[in-house]
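This report concerns only the one structure given below.
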Amino acid sequence: MRDASEDFFLLDVREPHEVERASIGGVNIPLGQLAAHLDEIPRDRKIVTLCKMGGRSEKAARALHELGYEDVVNVQGGIDAWSQRIDPGLDAG
């Protein structure tokens, strides 16, 4: 999606200390704080959710769908998979 210059909102639902260790950008809103920060998540763009291994971001994607967000996708395998497949230099820990 980045290579194709697609317009999307990257939502990283990991805890701040996890993001400090490895980040590919985006907005960090931990999963447990998602409901309190919905005003920061645009409804008119594709939302891409990300966590360490894909479980929390899948929960976030489902929650956003249930709240009426229409275009939400999850990075399967999370930043761990990203670091293995796309950016091997990234230490996802």
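Some observations on this one:
- The residues in region 1-11 that are out of contact with any Lys or Arg (no Cβ under 8 Å at 6 or more places or on another chain) and either in a helix (DSSP H, G or I) or farther than 20 Å from Ala81 by Cα (or both) can be counted, and the count is 1.
- Of all residues in region 30-51, those satisfying the criterion of being surrounded by fewer than 20 Cβ atoms within 10 Å (Cβ to Cβ) and either touching a residue at least 24 places away in the same chain (Cβ under 8 Å) or of a type in the set (A, V, I, L, M, F, W, C) (or both) are Leu31, Ala35, Ala36, Leu38, Ile41, Pro42, Arg43, Arg45, Lys46.
- Region 18-45 - residue that is among the small types (Gly, Ala, Ser) and assigned to a helix (DSSP H, G or I) and, of those, farthest from Arg85 (Cα to Cα): Ala36
- Of residues in region 52-93 being in a loop (DSSP other than H, G, I, E, B) and touching a residue at least 40 places away in the same chain (Cβ under 8 Å), the one farthest from Glu18 (Cα to Cα): Asp87
- Answer residue from region 52-93, given it is among the charged types (D, E, K, R) and modelled with pLDDT under 90 and is surrounded by the most Cβ atoms within 10 Å (Cβ to Cβ) among those: Asp80
- Against the numbered list (1) over 10 Å from Asp12 (Cα atoms); (2) modelled with pLDDT under 95, Glu40 comes up short only at (2).
- Every condition in (1) at pLDDT below 95; (2) in a loop (DSSP other than H, G, I, E, B); (3) in contact with a Lys or Arg (Cβ under 9 Å, 6 or more places away or on another chain) is met by Arg14 except one, and the failing one is (1).
The values are calculated or read from the model by the stated rules, or taken from the named source; none is laboratory data. Worth saying up front: this structure is predicted, and the values here are computed from it rather than measured. Quick reminder, even Gly has a Cβ in these numbers, built from the backbone with ideal geometry, and neighbours come from all protein chains shown.
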